[in-house]
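Novice: So that we are looking at the same thing, I have put the structure below in structure tokens.
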């Protein structure tokens, strides 16, 4: 048996019950001890706190709508959300505790995720549910979800695997050209052009729905992962130069095909497709010129946040949830928090999300591989990006659009995806971290002296 004992120099001695074991076995044991990691408890605790906080606020914000639409049942949305959150937590913890992050870095798994995501994005255009002029929701049996949420999750998985693969292949001497000029164009294709074209298909399918805010979030997420992958500036330049002709050809083809199939010009098609988005931007930019009906939702959100003051009117005592503020239990749940819990409540939410993000970044920086680093960074960035955009909409910093607040807004499948993303970050914290150098430095010299 092995025992670690403190000596008089306040170091640790490794003693062996069986003296026949050689030093190599001791080093193996020390190496495993230095690599040992537990699940990141602070991240798990913060997530559980956010989930519980979100359920409480959802129940308060949705009780009136639930009572009016679900046959006097004030707990309908709360129960559905709680069941989905429980499922999401279960899946996230399953990933975190029973999988190694390197096992996820599998080309067949990533290829399967890409194929299924593409199929769902195509299906939502063909047979999706149209709400307010946009076809974003797909029904599969009793389950209704937005494939764009799946695309965000899969994009991080794909890019993490892709950049991990290209770095590994370069270490083996592959992707080498004969001349610096050829290398310039090759690096642009490998580092930039290929992943952009592969994920560009998803961008097009999301825009066609149309889901402009989803496409913007998707692009911002991919850009953040590209930056984190530390692509050389020469690859950016080369890739963009090679991408431009492809984009121009695509625009020309669209200008020829759309008039032949739709009977309108490309400009008219775009104007009609994004009329709803254009109306929201107009309402945002010219707020004094639009009607009260157009600004009603934004105005009510302002009233809710202004009413809350420092400490709020009290949990469950808000008035805006009584059908004054539409979608208060969904995209506009942040004003409900401000009204009932005031400035202190909203700041608590922001601080909790900020702590969650910084813990995720710390886990990413301590990752032992490119794949683990990009997984932890990508999912942490995605969640904080959604938080900031949702709050920006609620506070009228940006035009109104359908962006949910993670763990708070009503939406079963989206919250399941968020919790699985946290589970992936927790998986990195347990199985994808660098060795504990301090522990090894303290133990190894003692064991090498044969003590």
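Novice: With volume of the Cα convex hull per residue in Å³ in mind, check (1) 130; (2) 206; (3) 221 and report the label derived from this structure.
Specialist: (2)
Novice: To continue, here is another question. List 416, 328 from most exposed to least, where exposure is judged by having the fewest other Cβ atoms within 10 Å.
Specialist: By the 10 Å Cβ count, ascending, the order reads 416, 328.
Novice: At a temperature of 10 °C and a viscosity of 1.306 mPa s, determine how fast the stretch 259-394 diffuses translationally according to Stokes-Einstein, using the Kirkwood radius over alpha-carbon pairs as Rh; express D in µm²/s, rounded to the nearest whole number.
Specialist: 89
Novice: May I ask you to sort 217, 363, 241 by Cβ crowding, counting other Cβ atoms within 10 Å and putting the fewest first?
Specialist: The order, fewest Cβ neighbours first, is 241, 217, 363.
Novice: Separate question: So what's the projected area for the stretch 218-284, the Cα convex hull averaged over all directions, in nm²?
Specialist: 6.6
Novice: Over all pairs of distinct alpha carbons, what does the Kirkwood formula give as the hydrodynamic radius of the stretch 262-342, in Å?
Specialist: 14.4
Novice: Additional query: Measure nothing fancy, just the Cα-based angle from helix 147-171's long axis to the longest principal axis of the chain, in degrees from 0 to 90, nearest 10.
Specialist: That works out to roughly 30 degrees.
Novice: Over the stretch 46-435, what is the relative contact order in whole percent, taking alpha-carbon pairs under 8 Å and six or more residues apart?
Specialist: Computed over the stretch 46-435, the figure is 28 percent.
Novice: If contacts are Cα pairs under 8 angstrom and at least 6 residues apart, what is the relative contact order of the stretch 261-402 in percent?
Specialist: Rounded, it is 24 percent for the stretch 261-402.
Novice: Compute the relative contact order of the stretch 177-237 as a whole-number percentage, counting only Cα pairs closer than 8 Å that sit 6 or more residues apart in sequence. Intermediate values should be presented prior to the final figure.
Specialist: Values: 24 pairs, mean separation 32.8, N = 61.
Taking the mean separation of contacting Cα pairs over the length of the stretch 177-237, I get 54 percent.
Novice: Relative to the longest principal Cα axis of the chain, at what angle does helix 194-208 sit, 0 to 90 degrees, rounded to 10?
Specialist: 30
Novice: Another question, if that's okay. Once fully extended, how much extra length lies between residue 106 and residue 182, figured as 0.36 nm per residue of separation less the alpha-carbon to alpha-carbon distance?
Specialist: That works out to 24.3 nm of additional length.
Novice: What order do you get for 303, 246 when you list them from fewest to most C-beta neighbours inside 10 Å?
Specialist: Ranking 303, 246 by Cβ neighbours within 10 Å, fewest first, gives 246, 303.
Novice: I would also like to ask the following. Please give the calculated 222 nm ellipticity per residue for the chain, where each DSSP H segment of at least 4 residues contributes -39500 (n - 2.57) and the sum is spread over every residue; nearest 500 deg cm²/dmol?
Specialist: Details: 17 runs with 308 residues, N = 451.
Computed ellipticity for the chain at 222 nm equals -23000 deg cm²/dmol.
Novice: What is the helix-to-structure angle for 212-228, meaning the angle in degrees between its Cα long axis and the longest Cα principal axis of the chain, kept from 0 to 90 and rounded to the nearest 10?
Specialist: Result, in degrees: 20.
Each value in this text was obtained by applying a stated rule to the coordinates, not by laboratory testing. These figures come from a predicted structure and were not determined experimentally. Don't worry about glycine lacking a Cβ; one is built from the backbone with ideal geometry, like all the others, and counts go over all protein chains shown.
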